[in-house]
Protein chains: 6
Amino acid sequence: MFKLSERFAKGLETMRQYVSEEELQRMVTADALADIAPDLRKFIVEYAYGDIYSRDGLSAKQRALVVISTVVTQGAAPQTKTHIRRGLHAGLTEQEIVEALLQLAPYIGFPRVQNALVIAQEVFQETSR
Amino acid sequence: MFKLSERFAKGLETMRQYVSEEELQRMVTADALADIAPDLRKFIVEYAYGDIYSRDGLSAKQRALVVISTVVTQGAAPQTKTHIRRGLHAGLTEQEIVEALLQLAPYIGFPRVQNALVIAQEVFQETSR
Amino acid sequence: MFKLSERFAKGLETMRQYVSEEELQRMVTADALADIAPDLRKFIVEYAYGDIYSRDGLSAKQRALVVISTVVTQGAAPQTKTHIRRGLHAGLTEQEIVEALLQLAPYIGFPRVQNALVIAQEVFQETSR
Amino acid sequence: MFKLSERFAKGLETMRQYVSEEELQRMVTADALADIAPDLRKFIVEYAYGDIYSRDGLSAKQRALVVISTVVTQGAAPQTKTHIRRGLHAGLTEQEIVEALLQLAPYIGFPRVQNALVIAQEVFQETSR
Amino acid sequence: MFKLSERFAKGLETMRQYVSEEELQRMVTADALADIAPDLRKFIVEYAYGDIYSRDGLSAKQRALVVISTVVTQGAAPQTKTHIRRGLHAGLTEQEIVEALLQLAPYIGFPRVQNALVIAQEVFQETSR
Amino acid sequence: MFKLSERFAKGLETMRQYVSEEELQRMVTADALADIAPDLRKFIVEYAYGDIYSRDGLSAKQRALVVISTVVTQGAAPQTKTHIRRGLHAGLTEQEIVEALLQLAPYIGFPRVQNALVIAQEVFQETSR
């Protein structure tokens with residue numbers, strides 16, 4: 001559907017720090033939006049991971065912390081789940097994630113923090129199973 | 001105006017990781033909102049710093065990263081300035097702050113990232129003077 | 001419940017560009033919020049459609065594009081579904097809608113665009129059935 | 001899990017104006033997030049209710065009106081349900097709540113108002129059962 | 001520029017509860033946006049004030065409280081100033097306004113509350129002059 | 001500072017539809033953020049313009065309409081100014097822009113629409129000088 005550019009390859013390589021090999025395979029072979037917007041995946045891999053996540057200057061754990069903070073602040077539920085999972089894969093501990101969510105409370109208020117903690121709890125349970 | 005509670009003392013102590021002794025003195029002796037809402041400062045020191053920032057499980061640098069990410073996502077300009085300053089005091093380098101702002105771009109878009117980088121540039125210039 | 005004002009009639013007439021005759025009938029005869037807030041429908045028809053959508057200076061397709069852009073930016077899921085449906089009725093093609101959602105990515109980030117594309121896919125599938 | 005501080009006791013006492021005795025008992029004995037973030041409940045009771053809601057200068061009904069307005073503006077669905085329930089307990093009538101939601105329409109637009117009215121309708125129905 | 005509809009007249013009458021006679025005259029005779037969008041004022045007077053504010057079921061003070069809560073939550077600085085002024089005119093005391101802003105803190109976080117208190121202070125000072 | 005990639009060249013070429021030759025030159029030779037984040041400009045040109053704006057399926061006028069709608073919805077003042085200017089360059093008329101802003105009112109409320117119209121007025125005045 002699109003040629004495997006150098007940036008796409010670099011993006012996939014960078015993603016290995018955030019997702020399991022299994023999920024990576026699934027993302028490459030099965031794209032839920034392939035029929036209407038195949039380029040969304042391309043832009044996420046090439047631009048978000050290939051151009052941005054792959055930069056120097058912050059560790060994978062630090063980048064995961066930044067991303068969790070922003071999607072929780074936006075109240076984006078599906079992405080909160082995705083990026084808590086990726087944060088664990090990148091090496092954040094469950095405690096670090098819970099602390100980051102509590103640290104947001106004085107800045108974004110209880111509602112979005114509470115909703116994010118419910119999601120975190122679900123992710124922690126699927127991981128510990 | 002309010003008794004120096006244990007939590008207030010703990011909050012001030014925690015703030016030392018994020019602000020200079022000079023700024024801390026100014027905050028204690030001169031509160032711009034003292035005439036209409038003296039308790040706002042009390043809540044920020046006691047709750048934000050005494051209860052939350054002082055917790056274990058994340059470093060001061062990590063907490064600063066979380067807070068910068070959220071205020072930039074909210075588009076809160078005065079707080080972006082304040083917390084970039086506090087992040088530098090907590091030990092974040094200028095490069096780490098710039099990388100955190102760029103890491104937000106795929107999640108919040110260019111407008112708020114660009115506005116935050118302009119503010120970061122002002123803070124870096126006042127620091128280097 | 002309310003008298004059929006000139007603005008209400010004008011609003012209904014304007015809505016014909018955005019919804020099918022069938023949906024219009026359903027809106028007039030069955031209002032899900034009729035028991036607690038019958039005036040909400042009245043305000044939407046009279047003000048949104050009668051006063052605003054009916055104005056000159058933009059085509060129905062252009063207005064639909066503006067409205068899809070704003071509800072996606074707000075992350076309002078039910079309205080994203082409604083207004084993608086209405087956009088198709090107003091003459092936007094599926095490709096134009098997908099392109100508008102991708103055009104938002106550099107400005108609002110991937111999370112809300114991705115959520116909107118999932119909704120667009122559902123709408124396109126119900127239409128093609 | 002945490003000592004019953006004076007602020008916690010004051011918070012619980014204040015909550016009696018907003019929740020039934022039954023719900024209060026459930027909140028004290030069963031905290032859904034107890035395994036990962038027991039302190040969230042503590043902060044909500046001590047800070048939100050003990051420090052803030054308990055202040056003089058606004059009635060419980062007025063505070064409930066402010067809180068409903070803000071969670072609806074944020075588009076926070078679970079909290080919209082919670083705080084419409086608490087507003088009724090604090091003495092707001094169903095009509096006052098509906099009027100507050102309609103009053104928001106010129107300021108936040110129809111989407112979030114409509115979503116909130118659907119939630120209000122659900123709460124009113126569970127109450128009248 | 002537009003005929004003085006019944007709704008416009010009703011809107012102006014309703015506005016008297018929120019603005020001084022002097023400001024009302026200025027709004028009618030001098031509209032800053034008259035050259036590009038004269039209808040904005042028309043819609044604000046007719047729809048916001050004529051249709052919504054004029055409804056029964058909430059007092060002017062309650063409506064002002066709802067509107068202040070929402071514009072502060074949105075972080076809309078010019079409207080925060082406008083509606084704190086109008087709230088005072090509608091009979092809210094300075095203390096009630098400060099309490100409403102503090103009541104928002106657990107729900108929207110400190111940044112927007114702090115920015116709103118700075119604006120409230122400016123309004124209170126111009127009033128007391 | 002960075003090699004002139006094919007995507008950068010394509011981005012610059014696409015930008016010609018939205019900005020004057022003079023502004024384009026200024027953007028290439030003088031980047032206000034060059035000392036702290038030179039890559040921001042690179043990402044905007046390569047990704048926003050090279051990858052996204054340059055796609056088929058929407059006209060430049062339609063893309064400008066989408067972008068104006070989203071930055072106004074976000075309340076991003078500097079970008080509202082920038083993209084109203086670019087919309088005019090892309091061929092939108094002043095009337096079309098005003099109509100798009102009014103079309104947003106039922107969806108985002110008056111505050112952000114009013115703030116955007118004030119900015120539009122400034123842009124129209126600088127253009128007509």
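The values are calculated or read from the model by the stated rules, or taken from the named source; none is laboratory data. Everything quoted here is computed from the prediction, not taken from an experiment. Using ideal geometry, Cβ is built from the backbone for each residue, glycine included, and neighbour counts are taken over all protein chains shown. The accessibility values were calculated without ligands, DNA or RNA, using every heavy atom of the protein model including side chains. Shrake-Rupley method; radii C 1.70, N 1.55, O 1.52, S 1.80 Å.
Just how large is the dipole of region B:6-53 about the Cα centre, in debye to the nearest 20, putting +1 at every Lys and Arg Cβ and -1 at every Asp and Glu Cβ? Mind showing how you got there, number by number?
Numbers: 6 positive and 10 negative charges, 15 e Å.
Roughly 80 debye, rounded to the nearest 20.
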By accessible area of protein heavy atoms, probe 1.4 Å, what ranking do B:54, A:69 get, highest first?
B:54, A:69
How large is the charge dipole for region B:15-129, taken about the Cα centre, if only the Cβ atoms of Lys, Arg (+1) and Asp, Glu (-1) carry charge, to the nearest 20 debye?
160 debye
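Using the structure shown, select from D:61/D:81; B:81/F:42; C:61/C:81; E:10/E:42 the pairs with a Cα to Cα distance greater than 18 angstrom.
Details: D:61/D:81 16 Å; B:81/F:42 24 Å; C:61/C:81 16 Å; E:10/E:42 12 Å.
With Cα atoms farther than 18 Å apart: B:81/F:42.
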Output for the protein assembly as shown (equivalent-ellipsoid semi-axes, sqrt of 5λ from the C-alpha gyration tensor, Å, descending) is 36, 36, 27
Pseudo-label separations to other copies for residue A:122 - Cα-to-Cβ vector, 7 Å, nm
1.4, 1.4, 4.0, 4.3, 4.3
Note: D vs E interface, total accessible area buried (1.4 Å probe; ligands, DNA, RNA excluded), nearest 100 Å², is 2900 Å²
Could you quickly flag the chain D residue whose beta carbon comes closest to the rotation axis taking D to A, and that distance in whole angstrom?
D:75, 4
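Under 14 Å from the Cβ of residue C:91, count the other residues' Cβ atoms, weight Lys and Arg +1, Asp and Glu -1, and hand me the total. Don't skip to the end; give the middle numbers.
Values: positive: C:16, C:61, C:63, C:85, C:86; negative: C:94, C:96.
Summing Lys/Arg as +1 and Asp/Glu as -1 gives +3.
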Once phi is turned into θ = phi - 60°, what whole-Hz ³J(HN,Hα) does the Karplus curve with 6.51, -1.76 and 1.60 give for every residue of region E:24-38, x standing for Gly and Pro?
4, 4, 4, 5, 6, 8, 10, 10, 4, 9, 4, 6, 10, 8, x
Taking every residue in B:113-125, how many Cβ atoms of other protein chains lie within 10 Å of its Cβ, on average?
3
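Below 8 Å between Cα atoms, with a sequence gap of 6+, how large is the relative contact order for chain A in percent?
26 percent
On average, how much accessible surface per residue is there in chain A, in Å², for a 1.4 Å probe, leaving out ligands, DNA and RNA?
Numbers: 5000 Å² over 129 residues.
It amounts to 39 Å² per residue over chain A.
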In nm, what does the list of distances from residue A:13 to its counterparts in the other copies look like, shortest first, when each label sits 7 Å along Cα to Cβ?
2.8, 4.8, 6.4, 6.4, 7.4
What is the mean number of Cβ atoms from other protein chains located within 10 Å of the Cβ atom of each residue in peptide C:9-20, rounded to a whole number?
0
Span from the region F:97-129 Cα centroid across to the region E:59-95 one, whole angstrom:
23 Å
Label region F:6-53 by shape, choosing from rounded, prolate and oblate, from the square roots a ≥ b ≥ c of the eigenvalues of the Cα gyration tensor; if a/c is under 1.5 it is rounded, and otherwise prolate applies when a/b is larger than b/c, oblate when it is not.
oblate
Counting only protein heavy atoms and leaving out ligands, DNA and RNA, the solvent-accessible surface of residue D:89 at a 1.4 Å probe, in Å² to the nearest 10, equals 90 Å²
Given a 10 angstrom Cα cut-off, can you work out which residue in A:82, A:29, A:93 is the most mobile in a GNM of chain A?
A:29
Please check: in the Gaussian network model of chain E (C-alpha springs, under 10 Å), which one of E:37, E:100, E:77 has the largest mean-square fluctuation.
E:37
Per-residue counts of other Cβ atoms within 10 Å, averaged by peptide: what ranking do you get for D:4-13, B:38-47, highest first?
B:38-47, D:4-13
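Let me make sure I get this right: for region E:36-95, a, b and c are the square roots of the gyration tensor eigenvalues over alpha carbons, sorted descending. Under 1.5 in a/c it's rounded, otherwise prolate if a/b > b/c, else oblate. Which is it? Please list the in-between numbers first.
Working: a/c = 2.06, a/b = 1.24, b/c = 1.66.
Oblate shape, in that a/c is at least 1.5 and b/c is the bigger or equal ratio.
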Inter-copy distances for residue B:28, label 7 Å out on the Cα-Cβ vector, sorted ascending, nm, one decimal, are 3.8, 5.8, 5.8, 5.9, 7.3
Springs between alpha-carbon pairs under 10 angstrom, Gaussian network model over chain F: which of F:104, F:58, F:117 fluctuates most?
F:58
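For the protein assembly as shown, what % of the accessible area comes from carbon and sulfur atoms, probe 1.4 Å?
Working: 15210 of 29930 Å².
Carbon and sulfur atoms account for 51 percent of the accessible area of the protein assembly as shown.
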Per residue of E:72-85, how many C-beta atoms from partner chains lie within 10 Å of its own C-beta, taken as a mean?
4
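Tell me, what is the Rg over Rh of chain B, with Rh the Kirkwood radius over Cα pairs? Mind showing how you got there, number by number?
On the way: Rg = 15.3 Å, Rh = 15.5 Å.
Rg/Rh: 0.99.
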So the compactness index of region A:60-127, its C-alpha Rg divided by 2.2 N^0.38 Å, takes the value 0.95
To the nearest 10 degrees, the tilt of helix D:94-108 (Cα long axis) against the first principal axis of the alpha carbons of chain D is 70 degrees
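Given a Förster radius of 30 Å and the C-beta distance between residue C:59 and residue A:55 as r, what FRET efficiency does 1/(1 + (r/R0)^6) yield to the nearest 0.05? Write down the numbers at each step before the final one.
Details: r = 43 Å, r/R0 = 1.43.
The computed FRET efficiency comes out at 0.10.
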